[in-house]
Amino acid sequence: MYNIAIYFYLLAIKFVGLFNKKVKLMCQGHKQVFDILRQRRDKESRYLWFHAASLGEFEQGRPLIERIRKQYPQYKVLLTFFSPSGYEVRKNYEGADIICYLPLDTPRNVRRFLNLARPSMTFFIKYEFWQNYMKALQHRGIPTYSVSSIFRPNQVFFRWYGATYRKVLTRITHFFVQNEESVRLLASCGITNATIVGDTRFDRVLEIFQAAKQLPLVERFKGDCHKVLVAGSSWQPDEELIIDYFNRHPEMKLIIAPHVVNDNHLAWIEGKLNRPSMRYTKALGADLSRVDCLIIDCYGLLSSIYRYGEISYVGGGFGVGIHNVLEAAVYGIPVLFGPNNQRFREARQLLATGGAFEIHNSTDFNATMDRLFTDEAFLAQSGERAGHYVSDNAGAADAVLKEVF
């Protein structure tokens with residue numbers, strides 16, 4: 001039944017790829033995999049295979065990859081992606097020796113892939129459990145690890161009808177899970193080879209923090225102001241709240257990095273502002289002394305920009321879900337976000353520590369901002385709790401390496 005479903009899925013993505021650019025890229029990438037492996041694999045080297053579904057999972061696996069490169073240089077790294085949103089962004093990542101798509105989980109693809117790749121060990125990040133790949137890896141005696149995995153009762157493995165698919169979990173050499181509930185759920189299926197190490201995302205944000213760029217332009221904008229709000233990955237409902245407050249508080253400055261960066265949306269933001277603003281890409285060499293709002297109209301800077309704020313706001317909480325709160329919290333500043341955060345474990349825990357604040361409407365936002373900007377002790381305490389939450393939960397990558405090697 002599983003193999004039949006995979007073949008139907010293969011036919012479906014080929015059909016959708018005729019009309020969808022993203023799916024077309026994936027189909028083209030699948031055709032190239034075996035040629036890439038034939039041409040680039042060094043037959044004399046031992047490879048560690050890391051698989052990430054997409055970009056988010058890659059960022060979780062990245063601390064492991066980069067530690068291995070430094071500590072175990074005798075290994076080379078093969079990195080695969082399932083989604084174009086991961087592969088197309090990271091296909092030139094220098095931390096891996098070979099980067100390609102993972103062919104769909106058909107028996108034939110699995111045989112061809114493993115015969116060419118011949119990994120010494122395999123690391124699947126978070127949610128990836130492919131029946132045929134994992135069966136073949138076990139059969140070949142290749143250690144297979146699940147890293148930063150997290151399990152919930154509503155997953156198919158733990159439902160009454162999930163017995164067949166649950167067998168895939170028995171193929172894993174060891175699980176490195178994020179929490180105690182995951183250990184308990186696995187144990188309910190008779191699986192005890194699991195260790196709680198936490199989430200490698202904490203290691204990654206600490207690495208980003210340590211390598212954060214100095215941004216002279218943002219420093220000039222900030223000047224001597226000690227009341228700067230950095231709003232990252234904001235959407236229109238977030239921006240309505242933020243800009244309304246900003247317009248009425250001339251003592252503060254605002255750095256806003258919207259999730260959608262196009263002329264229409266940037267113009268909408270500028271139209272809402274009643275105070276002087278400037279786009280980042282137009283600010284080089286400009287006099288920023290009279291600019292109160294800096295609009296980040298490019299990508300790749302946000303993780304470094306949070307360092308310039310006294311307070312952060314992470315967008316998405318009034319839509320499908322909040323973006324990365326750890327990128328802001330690592331700088332030891334309080335984090336504000338909207339109510340759609342129930343599925344985000346780190347956001348819930350950050351709220352529990354007192355390092356973050358949930359915003360439901362303008363009344364919540366205004367009251368929280370007022371208190372943080374007027375009560376210095378409360379601001380410092382909230383920021384300290386946010387920073388400690390990140391540093392206290394780091395170390396997962398080192399724990400995995402200690403167990404594996």
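At-a-glance table
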read-out: Inter-part distance where region 33-72 and region 226-274 are each reduced to a Cα centre, Å; value: 39
read-out: Spatial extent of region 213-308: Rg and Dmax, with the Cα atoms as the point set, Å; value: 12.1, 32
read-out: Ranked by how many other beta carbons lie within 10 Å on average, peptides 350-359, 87-96 from highest; value: 350-359, 87-96
read-out: HN-Hα J in Hz across region 84-91 - Karplus 6.51, -1.76, 1.60, θ = phi - 60°, x for Gly and Pro; value: x, 5, x, 5, 5, 7, 10, 5
read-out: Spin-label pair A352/E251, simplified geometry with 7 Å Cα→Cβ offset, distance in nm; value: 3.5
read-out: Equivalent ellipsoid, region 145-248 (semi-axes from 5 times Cα gyration tensor eigenvalues, Å); value: 45, 19, 10
read-out: Cα-centre dipole for region 279-364 with unit charges at Cβ (Lys and Arg positive, Asp and Glu negative), debye to 20; value: 180
read-out: Within the chain, helix-based [θ] at 222 nm, where runs of 4 or more DSSP H residues each add -39,500 (n - 2.57), nearest 500; value: -13500 deg cm²/dmol
read-out: Sequence of M278, M1 once ranked by neighbouring C-beta atoms within 10 Å, starting from the fewest; value: M1, M278
read-out: 29 Å Cα-Cα threshold exceeded, pairs from K126/K222; K22/K213; K70/K222; K227/K272; value: K126/K222; K22/K213; K70/K222
read-out: Acute angle (nearest 10 degrees) that the helix 107-117 long axis makes with the longest principal axis of the chain, alpha-carbon atoms; value: 80
read-out: Debye, to nearest 20: dipole size of the chain, +1 on Lys, Arg Cβ, -1 on Asp, Glu Cβ; value: 2420
read-out: Region 156-203 - Debye-derived log10 I(q)/I(0), Cα point model, q = 0.22 Å⁻¹; value: -0.78
read-out: Value in Å of the Kirkwood radius, where the chain supplies the Cα pairs that are averaged; value: 23.1
read-out: Linear extension gain, Y72 paired with K43, 0.36 nm per residue minus alpha-carbon span; value: 8.6 nm
read-out: Estimated Rh, region 213-392: Kirkwood, alpha-carbon pairs, angstrom; value: 16.1
read-out: Within region 213-392: Cβ-based charge dipole about Cα centre, in debye rounded to nearest 20 (Lys, Arg +1; Asp, Glu -1); value: 280
read-out: C-alpha center-to-center spacing [region 382-405, region 85-138] in angstrom; value: 27
read-out: Degrees between helix 21-40 axis and first principal axis of the chain (Cα, 0 to 90, nearest 10); value: 50
read-out: Exposure proxy order (Cβ contacts within 10 Å, fewest to most) of C225, C189; value: C225, C189
read-out: Crossing angle, helix 376-392 versus the chain [Cα axis fit, 0-90 degrees, rounded to tens]; value: 10
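Every number in this text was worked out from the coordinates using simple rules, so none of it is lab data. Please read all numbers here as calculations on a predicted model, not as lab measurements. Every residue, glycine as well, gets a Cβ built from its backbone with ideal geometry; the counts of neighbours run over all protein chains shown.
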